[in-house]
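K.L.:
Pasting a structure below so you can have a look.
What follows draws every value from the coordinates through simple rules; no lab data is involved. Since the structure is predicted, the reported quantities are computational estimates derived from the model, not experimental observations. Every residue, glycine among them, receives a Cβ derived from its backbone with ideal geometry; neighbour counts consider all protein chains shown.
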Amino acid sequence: MWKMEQKLLLNKKGQALSKGVNTAVIIIVSIVILFQLFASLVPEAQSAGDEFSDATRCGDSGGNFNVSQALCLNGTNPEDTFVVSFEAVPLSSLFGSSGIIILLLLVFLLLAVIKIAMPKR
């Protein structure tokens, strides 16, 4: 039995098969690790980005954010239109759950998986 295994390992076809199996295992493990990493990072980044939003900051200051006017008001009725001061974060919409940063992270994941899965020339 041992001689048969030695012949298979010394055979060119056996070496090619072994190399192909190793490559396939590495590709599958790399893709699984990437998806697990992004599955834990993306929701965390989305929730952290939502904490920067103007609506959240306005709510923490005791007001209601009016999107059409981009103002933090003390109520929702027309009589309650006093402006509540709050600290807005510049470009906070980039980091929100639907912002461009999350989209770029997901595009990076897609490109990384394609690069790993595509055969080398």
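K.L.:
Output wanted: per-residue J couplings in Hz (rounded whole) for region 99-109, from phi through Karplus 6.51 cos²θ - 1.76 cosθ + 1.60, θ = phi - 60°, x for Gly and Pro.
P.N.:
Once rounded to whole Hz, the list reads x, 5, 5, 5, 4, 5, 4, 6, 5, 4, 4.
K.L.:
In the neighborhood of residue 99, defined by Cβ-to-Cβ distances under 15 Å, what is the net charge if each Lys or Arg adds +1 and each Asp or Glu adds -1?
P.N.:
Details: positive: none; negative: 44, 50, 51, 54.
That sum, taken over residues with Cβ under 15 Å, equals -4.
K.L.:
Report the paramagnetic label zone for residue 47: residues of region 102-121 whose backbone N is under 18 Å from a point 7 Å from Cα along the Cα-to-Cβ axis.
P.N.:
Only 102 pass the distance filter.
K.L.:
A follow-up question, please. Please check which bits of region 99-121 a label hung off residue 19 would reach, taking the label as a point 7 Å along Cα-to-C-beta and the cut-off as backbone N under 15 Å.
P.N.:
Counting backbone N atoms under 15 Å from the label point, the list is 119-121.
K.L.:
Using a cut-off of under 11 Å, list every residue of region 105-121 whose amide N is near the label point 7 Å from the Cα of residue 34 along the Cα-to-beta-carbon line.
P.N.:
107-118
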